[in-house]
């Protein structure tokens, strides 16, 4: 099995000249008849876009928020996959649980690191900084317990207790609560943050999944080559290969169920490729064209 995995606004200030010649103003501000008073000059820009520092803060916070949300969503999917394994668990539930524990611990570490990066500087907007601090405290509340249950040590044991540990980790991740108001709601209320939020590319809505050449027609794979949209756990016949596909919001898992008993898995994020091979040289190549909350576009080809 092989895997690879602000613009600056310029204000032009015009000078108003009095018609009918020049005359001096008196000390009390009253000029001679026919004299026009000059408009006051301003050195302030007509309007100012968000500072680059705030745009960067908003972008980093958007990334951390998305990681926070997807970690919760993927954990729930993973726990369900242990209780209701794909293809009647040709790979034992214990091994599936071990994979879940590793993935979840790694994801929570990324959330913590992302929030730490954001926290290295203030946004200058008190409600936004309170949101960040609240998220940081939530992650810090469960992270030590998750680490104890997923790392190596006297409390972790071997694969024999991995299912039980996965259930406890799943409960901890499910208990994470996003402080209110969240980032999207705050951006709607705070003009400065709103401008930065709209400018930061990391805060843009995710792109829609591309159109799969064969749509959702799993039957198109029977000839050994297809590109299909998968939206839920499913089984596929690709030529002589029998595979199962399960999804999270960020990853597609493809499991090979060889009738001879050989079993393998590949985990693919967007753009990732993998393959299954047999001793006689036959091969099934897989590419994750795109993976998102709405499913995955997967491309299969036998060789």
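The values are calculated or read from the model by the stated rules, or taken from the named source; none is laboratory data. Since the structure is predicted, the reported quantities are computational estimates derived from the model, not experimental observations. Neighbour counts run over all protein chains shown; Cβ positions are idealised from the backbone, glycine included.
Miscellaneous remarks
- Subset of the range 268-284 that is surrounded by fewer than 17 Cβ atoms within 10 Å (Cβ to Cβ) and in a strand (DSSP E or B) - its residue that is modelled with the highest pLDDT: 273
- Output for the range 164-207, where each listed residue is in a loop (DSSP other than H, G, I, E, B) and more than 22 Å from residue 58 (Cα to Cα): 175
- Leading residue by the ranking (nearest to the chain's Cα centre (by Cα)) among those in the range 115-132 that are buried (at least 21 other Cβ atoms within 10 Å of the Cβ) and assigned to a helix (DSSP H, G or I): 115
- Residues of the range 208-241 that turn out to be assigned by TED's automatic domain parsing to the domain that holds residue 270, assigned to a loop (DSSP other than H, G, I, E, B) and within 30 Å of residue 62 (Cα to Cα), as a count: 3
- Residue satisfying condition, being at pLDDT below 95 and under 30 Å from residue 65 (Cα atoms), within set 136, 250: 250
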